[in-house]
């Protein structure tokens, strides 16, 4: 398997991990890779997708002076390339500069270079350790005899502890080679020559508990050689003491690697000290006393909380939580425990639990939680939301900066006008005894009670503003009219002529209003009366819109992914705060969530889309005019694994992305493939025999793909191959394609049905491990109809 030339991670042959040939990059990107790696790249060098993304960002932001090398995968074994991230649970070891282990590994991986901060997995580190020559040294012989000790029970004022007194040595048992001075009974006694030993009466041995050494010179985990030394938080000390009965001393330090662990079973592999003094025992008790019984979260001491625990309950790291808290300093004037109030509100948004259940988590009353949440919501809505949400929080020039490459290239203007994507989302409600409210919130489309928040986002996922909630009976067009009909509305003042709006088909009734205001409207095309399939031009226009519009769907998904309160049915009694909570969540996403960036192949995708926009689909005309869908005699069915189909070009994952102009159709192809092979276990492809007899340069394939929506609907998919011997590029080898679905005539990208054939013949069947159909385990969940019929018979 190949490894990334920049971060050295092994590139697995998986659909979600793409690899790129370093030699195929543009000269500008290749130069950056050579500067980072310190050598010239070759045809065999590969790059992972994340590193290609970093190189593209570096090229966009590069100044005259080159920047420091950056890698996408930080914790990677420099020797074998295996990932050593926190989620893998693998132990990693750092390679110190100048060490013999580092020199050994440098020789093993030559000509690759070892970076300053390099890591090795435990297996590679141990291999280097055993193969590294070391000086064999023997422990020196002590010149002074150390008298053995015998435990004696001594009574003290505090506790009965074992003391030690010297025992007279047996002279006969002393080796002759040892230099020992034995006192003479005539001159001096043995006790006179022994030093004055004070018995350590303030120590006690605890068999069930242990402690680490009290030092700040290294990480408290044995054998750890990482240079970082971070003070151990009280939370981590309490966790290890309660779960593993190991006391972490006051002066202990921990490295960055081990500070991120959540499973400390590695401590069971080592032997620690079992003797404790009075101060250490008191510190152990203080750790337990300062922890509220049954409480998990203490936001007043959030600085000592782990990022993992804080993110689990609030969706934010400790640093993000403190940044949010500092942005609403006014909360301290109205609440005694300001951090706790903010934490309770974030837990409410994150979990969607009732006040009673959150109260049991914080060991307080339901009324206290409700009061704290109310105060935190008020402060965030008043002081925090206006800074990160609304048309007033960013200028038009700042908005234009958020235009990505593909939307700007397809729909942008020379003046770099802002591009905005609009869509509504759903928040489900409980049924209501208020019949008027029940009728307005019941959706005949979803068959549920819901309200509609309305979003306007930029091309990279930044939320411009959120509006609503609107009734379920209002369409997207009605909402858009409501926002723009008033000439004094803030949106009319913010947006100008030639600003671009990317919309869905549901906005068609508002197109007239928006066009009259001078806006440029882009939306997918619809079927005309009597049409059963979009024309090639209409299908291409629709694909250009969907190339950009998917961003708003991603943003809608973030709300229900990060804030469970919007995922389940919203309580009717709390619906008055619904939109306030939604806007607070939107402001938090704007502030802390990373923005969407250009795909590494964005420029190639844009170029291919513009080149094929006006390309006619002659294969579609041939199939429709000849009524080929109904012809069965002319086609011979073949197994997709047979060598007859070796004329189909072998493609890489990057080629599939360029063919479909995205990854959505590639993900759908796996699911279609899974249903295609479930009937008889083979992937059947049909070949047109008439075309083979009359042409030596063409090869027509046909596939039958079942619809994922209708069980009795089958789409016929056609792919025309060019067999000219001088053609080696897959772009020219796949001459035309067509599908009988509604968008099957498009030449910009392809539908998922065509992608299924291309994905299988060009990529999947050539993999060593064929990607299995997704969610295959669900096949055995339902009771089979044929089994029931056999039992009835």
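Coordinate-derived values only; no laboratory data. Bear in mind the structure is a predicted one, so any value in this text is a computation, not a measurement. Because the Cβ atoms are built from the backbone with ideal geometry, glycine has one as well, and the counts that use them run over all protein chains shown.
Starting from the 7 Å offset along Cα-to-Cβ, what nm value, one decimal, do you get for the label separation of residue 80 and residue 553?
4.0
Along the principal axes of its C-alpha atoms, what lengths does segment 391-592 span, in descending order and rounded to whole Å?
In descending order, the Cα extents are 52, 47, 34 Å.
Give me 426, 383 ranked fewest to most by other Cβ atoms within 10 Å of their Cβ, as a rough exposure proxy. All intermediate terms of the calculation are to be shown ahead of the outcome.
On the way: 426 17, 383 14.
Listing 426, 383 from fewest to most nearby Cβ atoms yields 383, 426.
Can you sort 244, 8, 104 from fewest to most other Cβ atoms within 10 Å of each residue's own Cβ? Display every interim value, and only then the final one.
Details: 244 15, 8 24, 104 18.
Ascending number of Cβ neighbours within 10 Å: 244, 104, 8.
When you count, for each residue, the other Cβ atoms within 10 Å and take the mean per peptide, how do 463-476, 226-239 rank with the highest first? Each step should come with its number before you reach the end.
Numbers: 463-476: 19.5, 226-239: 16.6.
Highest mean packing first, the order is 463-476, 226-239.
Give, in nm to one decimal, the length gained when the segment between residue 766 and residue 312 is fully stretched (0.36 nm per residue of separation minus the Cα-Cα distance). All intermediate terms of the calculation are to be shown ahead of the outcome.
Details: separation 454, 0.36 × 454 = 163.44 nm, distance 4.11 nm.
Working it through step by step, the gained length comes to 159.3 nm.
FRET efficiency for residue 777 and residue 203, Cβ-Cβ distance as r, R0 = 45 Å, nearest 0.05? Present the calculation step by step, with values, prior to reporting the outcome.
Values: r = 57 Å, r/R0 = 1.27.
Step by step, r from the Cβ atoms, then E = 0.20.
Can you tell me the length gained on complete extension of the stretch residue 725 to residue 444, counting 0.36 nm per residue apart and subtracting the Cα distance?
On the way: separation 281, 0.36 × 281 = 101.16 nm, distance 5.73 nm.
Stretched fully, the residue 725-residue 444 segment lengthens by 95.4 nm.
Can you tell me which of 534-547, 721-734, 741-754 comes out highest on packing, and rank the rest after it, using the mean Cβ neighbours within 10 Å? Show your work: numbers first, answer last.
Values: 534-547: 20.9, 721-734: 13.4, 741-754: 23.9.
Per-residue Cβ counts within 10 Å, averaged per peptide and sorted highest first, yield 741-754, 534-547, 721-734.
In percent, how large is the relative contact order of segment 299-388, given Cα pairs closer than 8 Å and 6 or more residues apart?
Details: 81 pairs, mean separation 25.7, N = 90.
Relative contact order of segment 299-388: 29 percent.
How do the peptides 592-602, 447-457 rank, highest first, by the average count of neighbouring beta carbon atoms within 10 Å per residue? Walk me through the intermediate numbers first.
On the way: 592-602: 16.7, 447-457: 19.9.
The packing order, highest mean first, is 447-457, 592-602.
Please state the Cα pair-distance histogram of segment 205-289 with 10 angstrom bins from zero: what percent is in each bin?
The calculated distribution, bin by bin, is 17, 57, 25, 1.
Which whole-number percentage describes the relative contact order of segment 205-289, with Cα contacts under 8 Å and a sequence gap of 6 or more?
Details: 112 pairs, mean separation 34.3, N = 85.
Computed value for segment 205-289: 40 percent relative contact order.
Roughly how many nanometres apart are two label points built 7 Å out from the Cα toward the Cβ at residue 374 and residue 278?
5.2
Considering every pair of different Cα atoms, what Kirkwood radius, in Å, is found for segment 299-388?
On the way: mean 1/r = 0.0767 Å⁻¹.
Computed over Cα pairs of segment 299-388, the Kirkwood hydrodynamic radius comes out at 13.0 Å.
Under a point spin-label approximation (7 Å from Cα along Cα-to-Cβ), what is the residue 663-residue 353 distance to one decimal in nm?
A separation of 3.4 nm, rounded to one decimal place.
Considering the zone a paramagnetic label at residue 713 would reach in this model (a point 7 Å from Cα along the Cα-to-Cβ line), which residues of segment 509-527 have amide N under 19 Å from it?
Once the point is set 7 Å along Cα→Cβ of residue 713, 524-527 turn out to lie under 19 Å by backbone N, inside segment 509-527.
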